[in-house]
Structure formats: C-alpha cells, structure tokens
1. Distance in nm between label sites at THR54 and GLN75, each 7 Å beyond Cα in the beta-carbon direction?
2. Can you figure out the FRET efficiency of LEU13 with LEU83, using R₀ = 41 Å and their beta-carbon distance, to the nearest 0.05?
Amino acid sequence: MTKVTQKMKKLLLGTMTVTMLLATSAGASAATKTTVSAEPVQATVVFPTQATTTVQFTKVHLKRTSAKQLSTQVQTAVNASALNLDQRHRASQLK
C-alpha cells in the first residue's frame, strides 16, 4: 500500500509541476501576444452511435526534485517572461 501511496504522490507532484510551468508559460505568452477576434463559426459534430475506446497505460518516470529546485525553475521562467515584457515595452516606446 505504501508503494501505491508513494507513486501517487510522485504522480501528483509531477502533475502539479507541469501544470505550474504551463500556467506560467501561458500567462507570459498571453501577456505578450495580441488577440485577434474572429467571426463565430457554426459547426455540426456527429458522433457514431457506438464509441470505440482503447485505454493505453504509460509509465511516467519522474526524477527526484526538491521544492527549492521547482521554485528556482518557476522563478527563472517568471524572470524570463518579465524581461521579455520589458524589452517589448522599450521597443514600443522607441517607435
């Protein structure tokens, strides 16, 4: 039972790490990109009456990572995003 608990903890930590990095990346890219509004599109989706599903299990190997290493990686990503925003701001001021 402890092996299952440990594996679940590793899986949860890995998921949280990926989510945090993706959220940081998505926030940075959303802050630096302009959005374009498009006209609404009407689409029709037809599903077959009997769905066929297959389940594939994938083994995930996670490296041991400390909270300090995670916070350093996130801080580095945030700093890079802030630097990018600062450079874009300066470039727009020079125009």
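1. 4.6 nm
2. Between LEU13 and LEU83 the formula returns 0.90.
Each reported figure results from applying straightforward, stated rules to the coordinates on display, with no laboratory input. The structure presented is a predicted model; accordingly, all values stated were derived computationally and were not measured. Cβ atoms come from the backbone with ideal geometry, glycine included; neighbour counts cover every protein chain shown.
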